[in-house]
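A short reminder: the numbers here are calculations on the coordinates, not readings from a lab. Because the structure is a prediction, the values reported are computed rather than measured. Quick reminder, even Gly has a Cβ in these numbers, built from the backbone with ideal geometry, and neighbours come from all protein chains shown.
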Amino acid sequence: MEEQNELFLDQRNPSAHVTHELGNATIQEFPFAFNERESNRYLTSLIDKVPWQQDSLRVGGKEVLIPRLQCWMGDQGSDYSYSGIRLQPKPWSEDVLNIKTRIESLADHKFNSVLLNYYRNGQDSVSWHADDEKELGGKPIIASISFGAVRKFQFRAKFTNGVQKFNIELRNGSFLLMGDTLQNNWLHRLPKVSGLEKPRINLTFRRIY
């Protein structure tokens with residue numbers, strides 16, 4: 001699958017979007033959900049104010065630090081677990097609530113929690129996975145917002161014998177609405193980028209049931 005050219009979209013309109021049809025799933029891409037000034041301000045503010053932590057995974061009997069910093073925010077009781085990591089929500093910050101309000105308006109969907117990831121440079125990454133934990137329900141809708149360095153976001157089909165892939169360049173201020181069958185049928189990752197020194201922050205809003 002090829003990336004779709006979005007040059008025809010109105011860059012002044014946060015609701016301008018393109019729909020990527022993956023056959024058994026849909027992604028709506030809002031390349032300009034936040035303008036450049038907003039995006040740069042949020043990037044700086046979130047880096048400085050979010051209570052970041054670096055969690056670890058047990059691999060082969062050893063504790064291995066994950067290659068990024070993260071923070072879980074949400075409503076009271078919205079605990080979340082993945083890959084053996086248990087996250088309890090920090091209180092919502094003003095910045096994150098303001099981002100949430102914008103995204104809920106664009107998505108026409110309500111969220112009660114968010115995982116923030118801070119990729120400090122191109123050596124920080126996330127490996128192949130799906131956001132399909134039981135707390136997210138049977139058909140999770142995920143809203144993913146990017147601030148900072150442009151990074152390639154890769155998708156890979158779960159169940160085909162051939163290698164079916166799809167890539168999106170995540171712009172500063174962009175928003176992906178990943179539809180309710182995507183996590184069931186596709187994996188995604190953010191690979192390392194050699195020589196990249198600029199930071200990126202990603203917020204993935206979810207609903208915990």
Just to confirm the filter: which trypsin sites (Lys or Arg not before Pro) across the range 1-96 are DSSP coil and have at most 15 other Cβ within 10 angstrom of their Cβ? 12
Select one label from (i) 0.93; (ii) 1.02; (iii) 1.12: the one whose number is Rg/Rh (Cα atoms, Kirkwood Rh) as derived from the coordinates shown. (i)
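Provide 20, 109 in ascending order of the number of other Cβ atoms located within 10 Å of each residue's Cβ, fewest first.
Neighbour counts put them in this order, fewest first: 109, 20.
Compute, for the chain, the length of the dipole vector about the Cα centre, with Cβ point charges of +1 (Lys, Arg) and -1 (Asp, Glu) only. Units Debye, rounded to 20. Let's see the in-between values first.
Numbers: 27 positive and 25 negative charges, 109 e Å.
That gives the chain a dipole magnitude of about 520 debye.
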Could you give the size of the charge dipole of the range 93-167 about its Cα centre, using +1 on the Cβ of each K and R and -1 on the Cβ of each D and E, expressed in debye and rounded to the nearest 20? 380
How do 119, 209, 42 line up, fewest other C-beta atoms within 10 Å first? 209, 42, 119
Would the range 86-209 count as rounded, prolate or oblate if I go by the C-alpha gyration tensor, calling it rounded below 1.5 in a/c and otherwise prolate when a/b exceeds b/c, oblate otherwise? oblate
GNM on the chain, Cα springs under 10 Å; top mean-square fluctuation among 167, 185, 98 goes to 98
Among 132, 75, 108, which comes first, second and so on when ranked by fewest other beta-carbon atoms within 10 Å? 108, 75, 132
Using each residue's phi in the range 40-46, evaluate 6.51 cos²θ - 1.76 cosθ + 1.60 at θ = phi - 60° and report the 3J(HN,Hα) Karplus result to the nearest Hz, with x for Gly and Pro. 5, 5, 5, 4, 5, 5, 5
Give the shape of the range 120-159 as rounded, prolate or oblate, defined through the alpha-carbon gyration tensor: a ≥ b ≥ c are the square roots of its eigenvalues, a/c under 1.5 means rounded, and otherwise the shape is prolate if a/b is larger than b/c and oblate if not. prolate
Report the Cα centroid-to-centroid distance between the range 19-45 and the range 105-119 in angstrom, as an integer. 11
Farthest toward positive dipole pole in the range 1-156 [+1 Lys/Arg, -1 Asp/Glu at C-beta], among 125, 76, 54: 54
